[in-house]
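The values are calculated or read from the model by the stated rules, or taken from the named source; none is laboratory data. Every value quoted in this text rests on a predicted model; they were computed, and no experiment measured them. In this analysis, Cβ positions are derived from the backbone assuming ideal geometry, glycine residues included, and neighbour counts consider all displayed protein chains.
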Amino acid sequence: MTLHPTVEAVTARIKARSATPRAEYMDRCRRAAEVEPGRPHLSCGNIAHAAAAAGTDKAGVAGGRAPNIGIVTAYNDMLSAHQPFERFPDIIKQTARASGATAQVAGGVPSMCDGVTQGRPGMELSLFSRDVIAMSAGIGLSHDVFDAAIFLGVCDKIVPGLIMAAAAFGHLPTAFLPAGPMPSGIGNDEKSAIRQAFARGEIGREELLKAEMASYHGPGTCTFYGTANTNQMLMEFMGLHLPGASFVNPNTPLRDALTVAGTRRVLEITRTGDYTPVCEVLSPEAFVNGIVGLHATGGSTNLLIHLIAMARAAGVILDWEDFSDLSAVAPLMAKVYPNGLADVNHFHAAGGLGYMIGELLAAGLLHEDVKTLNGTGLSGYTAEPKLAADGSVAWEAGAGETLNDKILRPVADPFQPTGGLQLLTGNLGSACIKVSAVAPERRVVEAPCRIFHDQESVKTAFRAGELTGDVVVVVRFQGPRANGMPELHGLTPTLSVMQDRGQKVALVTDGRMSGASGKVPAAIHVSPEAETGGPIAKLRDGDILRVDAEAGVLEALVPADAWAAREDATADLSANGVGMGRELFAALRAAVGTAETGASAAI
């Protein structure tokens, strides 16, 4: 396999840009690895505290010789994606015990659902929860009594936060064990139509709720291809899952067998076996593989922020140009809602990630020679897990061809020749746009803008009949420092209705849209944000904006002298700082970095 020249060039410049921080990071991990895990060196009082509640595992924990796994879990029983993790610690402990090792829950981390908090004040804590998760996991592992780590998490900010924590403890062998998606509910086209009917006022809340309950109906991850399932793809493309583990449904024999297999595998790569610390897995090449997977699957726009933050935690410096250049050569191979009508269960059945990895490897678009959890390099991730007669996992050759070309296509015949994400630049700064679900004829919009400072005001103007012509809806003061950069997914039905009735419509915002960004062109993550004096603060109602996803342009078509003379608009953001716990996050809002650098206060 010959590596594609663009993949090779982007990887080379990332490594050159990251040379100093990566070397410093790997040196820290090497020095940590040279010191034995803390248990043999703890005082008797220290180890007594660590082993006091270990029951039959007490002697193993206190002895300090057999491996002890630290479990970090995002379990709660309010969120469907994380409820299945209730059973995982017992399975992991039993498996470790059978292998002569031990496992303990090192700590729990918060797991927030953007689906519950969309359009609510709690959404303003969502992005910051990623840093809180990283720090919470770090506290659990800081007890220094573990030889390896297993992370249990799925959704939007949880996996990125856990990766940041894993990188901080890069000397530990690590596995991510997913819970899997819930079985398919009602069709995504039907769900979308009902949401738009509600936005038009044609149906009531009772009918809308009935449809939503039929879609989100049981334990497991939501089945559309949003941030949660993009995270699962990422873990597989980066070699942190076992092959084929991402999209196996919860509470099934195969799901349990994969949890057992993941536990056994992480024990095999501790110091007593084929030592593989996670710092070696979190390589520049692995992050490039993750970006290619993001483009090829048409994944979540949130990962433009999260991947940058995750990589920085491992001493790897990514920028948006890396994403843009890789998008130009990574073909869009999948059509999964909101890019199509299928869900991730249909995608998995059609050949899934294993088929995609095989195709992309053959085309030279992925690095094969990388460290992975299963120790095979990335080519091992073309295999498909099956349940053997004895209840264990047996990996077989995956699908050699797509089983449904309406959902999954080969590199030679993709849905489009380039990836699903595009970088935009111009006199409004930098932004990104997800185009994989946007019809080609709608990728260029030039129209007068209408300025808003929150999404509810957009809906009010729509209901009042004020948004009837071609328009670029600008929602500003939604960046990390302004209010925590909430997703504006609640605007999707409204903007879709406008577009469907023949208007040219686009959204421009310094906030996020969603992992479910859909058919309306949305220039998001505009950076610098309005609160820090970004050019988006200069806009006035009626300015003509050009959002051009084909040429990569985001411009206010205002004469240069008039543009330079304008003062920045301001907004009263005092209400963003209190209520629903927001007052606790003032320090993070003050310290957070830009969207382009990962929007983190911790890294």
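Residues are listed down the side, and each one gets a yes or a no for (1) surrounded by fewer than 24 Cβ atoms within 10 Å (Cβ to Cβ); (2) within 25 Å of residue 264 (Cα to Cα); (3) modelled with pLDDT of 95 or more:
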site: 83; (1), (2), (3): yes, yes, yes
site: 88; (1), (2), (3): yes, yes, yes
site: 120; (1), (2), (3): yes, no, no
site: 133; (1), (2), (3): no, no, yes
site: 141; (1), (2), (3): yes, yes, yes
site: 164; (1), (2), (3): no, yes, yes
Take the conditions among the acidic types (Asp, Glu), surrounded by fewer than 21 Cβ atoms within 10 Å (Cβ to Cβ) and more than 30 Å from residue 376 (Cα to Cα) and apply them to residue 256. Does it pass?
no
Restricting attention to segment 454-487, report how many residues are within 18 Å of residue 582 (Cα to Cα) and either crowded, with 21+ Cβ neighbours inside 10 Å or more than 25 Å from the chain's Cα centre (by Cα) (or both).
11
Scanning segment 525-551 residue by residue, those within 30 Å of residue 338 (Cα to Cα) and at pLDDT 95 or above turn out to be 525, 526, 527, 528, 529, 530, 536, 544, 545, 546, 547, 548
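Residue-by-condition table, conditions (1) of a type in the set (A, V, I, L, M, F, W, C); (2) surrounded by 17 or more Cβ atoms within 10 Å (Cβ to Cβ):
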| position | (1), (2) |
| --- | --- |
| 493 | no, yes |
| 498 | yes, yes |
| 503 | no, no |
| 509 | no, yes |
| 538 | no, yes |
| 554 | yes, yes |
| 559 | no, no |
| 564 | yes, no |
| 570 | no, no |
Hey, does segment 368-376 have a residue that's acidic (Asp, Glu), out of contact with any Pro (no Cβ under 6 Å at 6 or more places or on another chain) and over 20 Å from residue 276 (Cβ atoms)?
no
Scanning segment 184-205 residue by residue, those of a type in the set (D, E, K, R), in contact (Cβ under 8 Å) with a residue 60 or more places away in the chain and touching a helix residue (DSSP H, G or I) at 6+ places or on another chain (Cβ under 8 Å) turn out to be 195, 200
Against the conditions (1) surrounded by fewer than 12 Cβ atoms within 10 Å (Cβ to Cβ); (2) among the small types (Gly, Ala, Ser); (3) touching a helix residue (DSSP H, G or I) at 6+ places or on another chain (Cβ under 8 Å), where does residue 12 fall short? Just the number, please.
(3)
Picking from 447, 506, which residue would you name as being assigned to a strand (DSSP E or B) and within 24 Å of residue 295 (Cβ to Cβ)?
506
Taking segment 562-603 only, how many residues are in a loop (DSSP other than H, G, I, E, B), hydroxyl-bearing (Ser, Thr, Tyr) and either touching a strand residue (DSSP E or B) at 6+ places or on another chain (Cβ under 9 Å) or over 13 Å from residue 127 (Cα atoms) (or both)?
2
Among 90, 57, which is the only one that is out of contact with any helix residue (DSSP H, G or I) (no Cβ under 9 Å at 6 or more places or on another chain) and either over 20 Å from residue 223 (Cα atoms) or in a strand (DSSP E or B) (or both)?
90
Give just the number: which of (1) in contact with a Gly (Cβ under 9 Å, 6 or more places away or on another chain); (2) over 13 Å from residue 505 (Cβ atoms); (3) not polar (S, T, N, Q) does residue 452 not satisfy?
(1)
Restricting attention to segment 231-240, report how many residues are in contact with a strand residue (DSSP E or B) (Cβ under 8 Å, 6 or more places away or on another chain) and either polar (S, T, N, Q) or within 12 Å of residue 153 (Cα to Cα) (or both).
2
Against the definition (touching a residue at least 40 places away in the same chain (Cβ under 8 Å), surrounded by fewer than 24 Cβ atoms within 10 Å (Cβ to Cβ), among the aromatic types (Phe, Trp, Tyr) and not in a helix (DSSP H, G or I)), how does residue 225 come out, yes or no?
no
Filter segment 102-117 down to the residues that are crowded, with 19+ Cβ neighbours inside 10 Å and of a type in the set (S, T, N, Q), then identify the one that is modelled with the lowest pLDDT.
111
Are any of the residues in segment 261-277 touching a residue at least 12 places away in the same chain (Cβ under 8 Å), outside any helix (DSSP H, G or I) and small (Gly, Ala, Ser)?
no
State the number of residues belonging to segment 188-216 that are part of a loop (DSSP other than H, G, I, E, B) and either in the same structural domain as residue 336 (by TED's automatic domain parsing) or aromatic (Phe, Trp, Tyr) (or both).
1
Scan segment 453-468 and report the pairs whose first residue is more than 22 Å from residue 484 (Cβ to Cβ) and whose second residue is in a helix (DSSP H, G or I) and polar (S, T, N, Q), with Cβ atoms within less than 6 Å and a gap of 6+ or a chain change.
462/494
Within 27 Å of residue 438 (Cβ to Cβ) and at pLDDT 95 or above: does that describe residue 288?
yes
Counting only residues that are modelled with pLDDT of 90 or more, assigned to a loop (DSSP other than H, G, I, E, B) and not β-branched (Val, Ile, Thr), which one in segment 509-524 is nearest to the chain's Cα centre (by Cα)?
511
Has segment 328-342 got at least one residue that is under 26 Å from residue 525 (Cβ atoms), charged (D, E, K, R) and modelled with pLDDT under 95?
yes
Suppose the filter is in contact with a Ser or Thr (Cβ under 8 Å, 6 or more places away or on another chain) and either hydroxyl-bearing (Ser, Thr, Tyr) or buried (at least 20 other Cβ atoms within 10 Å of the Cβ) (or both); does residue 398 pass it?
yes
Give all pairs with beta carbons closer than 9 Å in which a residue from segment 62-90 that is over 20 Å from residue 185 (Cβ atoms) meets a residue that is part of a loop (DSSP other than H, G, I, E, B) and among the acidic types (Asp, Glu); count only pairs at least 6 apart in sequence or on separate chains.
64/36; 66/147; 67/147; 68/147; 69/147; 70/147; 86/77
Out of segment 569-585, which residues are within 13 Å of residue 482 (Cβ to Cβ) and not polar (S, T, N, Q)?
569, 571, 572, 573, 575, 577, 582, 585
Residue check for residue 308: crowded, with 24+ Cβ neighbours inside 10 Å and more than 28 Å from residue 404 (Cα to Cα)
yes
Quick check on segment 46-68. Is at least one of its residues over 30 Å from residue 258 (Cα atoms), more than 24 Å from the chain's Cα centre (by Cα) and surrounded by 15 or more Cβ atoms within 10 Å (Cβ to Cβ)?
yes
